[in-house]
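The values are calculated or read from the model by the stated rules, or taken from the named source; none is laboratory data. All values derive from a computational prediction rather than experimental measurement. When we count neighbours, we look across all protein chains shown, and the Cβ atoms used for this are built from the backbone with ideal geometry, even at glycine.
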């Protein structure tokens with residue numbers, strides 16, 4: 001069994017790539033984005049994305065700033081095939097902003113609310129299990145219009161949070177991190193890349209309904225209009241087992257399921273969120289929670305068939321991306 005990992009938190013910054021984005025001097029336009037060799041290199045891996053850390057996070061750490069990873073990649077989406085784009089999005093944690101390497105243990109199947117109403121099931125990539133808890137509490141799913149190297153704009157699903165800059169003063173409110181033991185702190189200090197201007201969160205790419213994009217959300221088998229994948233918890237006699245690996249029948253993707261961590265999430269809340277990012281991501285996300293609308297039809301899996309066979313991401317990287325592509 002996988003021994004649950006603990007992680008600490010950090011930030012990101014985005015720009016106006018495809019849908020709406022926060023304007024500002026630091027937000028690059030697509031025309032000004034230079035060629036990124038890993039977008040097309042047959043030997044590229046997520047480590048190429050990780051090497052851009054210093055270019056992406058220029059004002060602080062990565063705590064709660066995965067919007068900056070997302071915008072970096074979305075700005076370069078026109079240079080990449082769909083397979084390469086989805087593969088690169090497996091390289092960071094949507095909650096903490098930590099760089100991660102795609103693996104079965106870092107891939108989690110989650111059922112989350114759509115901002116347009118209803119639920120939808122897909123995959124997220126995390127540094128550690130406490131991110132499952134924070135995701136269920138605050139992250140929602142919206143559509144995002146993206147153009148990759150094939151030149152055809154398409155609607156995909158994306159994990160989103162509300163814009164914390166709707167109340168920028170909240171970034172200066174004192175709170176206590178449960179495991180630092182050093183007294184009060186603020187988001188302005190702990191999540192220094194969560195920065196605001198008059199337009200909102202600096203560097204954030206916005207989804208089709210105006211929410212902050214923090215990761216793409218490839219769909220799991222069985223999702224579509226009015227169809228929701230049954231969770232293991234609904235199966236008679238199934239007992240949660242953190243670290244257990246399951247397999248998606250259609251794509252062959254292996255993953256952990258959120259169900260396995262339900263009891264640990266409850267205990268973490270009783271313990272004051274003293275693991276993972278502690279209070280950092282939670283406080284950023286709860287400043288302006290995403291409101292859920294009345295139920296409307298979800299984007300069907302057949303409409304979101306984005307990835308093509310034969311992209312040259314090489315060996316394990318290609319296999320990971322191909323499997324992820326098959327899952328939406």
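Among 151, 162, 122, which is modelled with pLDDT of 95 or more, more than 17 Å from residue 71 (Cα to Cα) and touching a helix residue (DSSP H, G or I) at 6+ places or on another chain (Cβ under 9 Å)?
One residue alone meets the criteria, 151.
Could you grab me the full set of residues in region 258-290 that are assigned to a loop (DSSP other than H, G, I, E, B), surrounded by fewer than 19 Cβ atoms within 10 Å (Cβ to Cβ) and modelled with pLDDT of 90 or more?
Selection gives 289 alone.
Checking residue 193 against (1) outside any loop (DSSP other than H, G, I, E, B); (2) buried (at least 23 other Cβ atoms within 10 Å of the Cβ); (3) at pLDDT 90 or above; (4) out of contact with any strand residue (DSSP E or B) (no Cβ under 6 Å at 6 or more places or on another chain), which single condition isn't satisfied?
(1)
Among the numbered criteria (1) over 18 Å from residue 61 (Cα atoms); (2) crowded, with 16+ Cβ neighbours inside 10 Å; (3) at pLDDT 95 or above, which single criterion is violated by residue 232?
Every listed condition holds for residue 232 apart from (3).
Do you know which of the residues in region 211-229 that are part of a strand (DSSP E or B) and surrounded by 15 or more Cβ atoms within 10 Å (Cβ to Cβ) is modelled with the lowest pLDDT? Explain how you work it out, then say what you get.
We begin by selecting, within region 211-229, every residue part of a strand (DSSP E or B); these are 212-216, 219, 224, 227.
From what is left, the residues that are surrounded by 15 or more Cβ atoms within 10 Å (Cβ to Cβ) are 212-216, 219, 224.
Details: 212: 98, 213: 98, 214: 97, 215: 96, 216: 96, 219: 86, 224: 39.
Here the answer is 224.
For the condition within 29 Å of residue 243 (Cα to Cα), buried (at least 24 other Cβ atoms within 10 Å of the Cβ) and at pLDDT 95 or above, what is the one hit in 85, 144? Quick ask: steps written out before the conclusion?
Numbers: 144 fails: within 29 Å of residue 243 (Cα to Cα).
Result of the check over 85, 144: 85.
Would you confirm whether or not region 60-67 contains a residue that is touching a helix residue (DSSP H, G or I) at 6+ places or on another chain (Cβ under 7 Å) and outside any loop (DSSP other than H, G, I, E, B)? Working first, answer last.
Step one: filter region 60-67 for residues touching a helix residue (DSSP H, G or I) at 6+ places or on another chain (Cβ under 7 Å), giving 63-64.
Filter again for outside any loop (DSSP other than H, G, I, E, B), leaving none.
Looking for residues that are touching a helix residue (DSSP H, G or I) at 6+ places or on another chain (Cβ under 7 Å) and outside any loop (DSSP other than H, G, I, E, B), one finds none in region 60-67, hence no.
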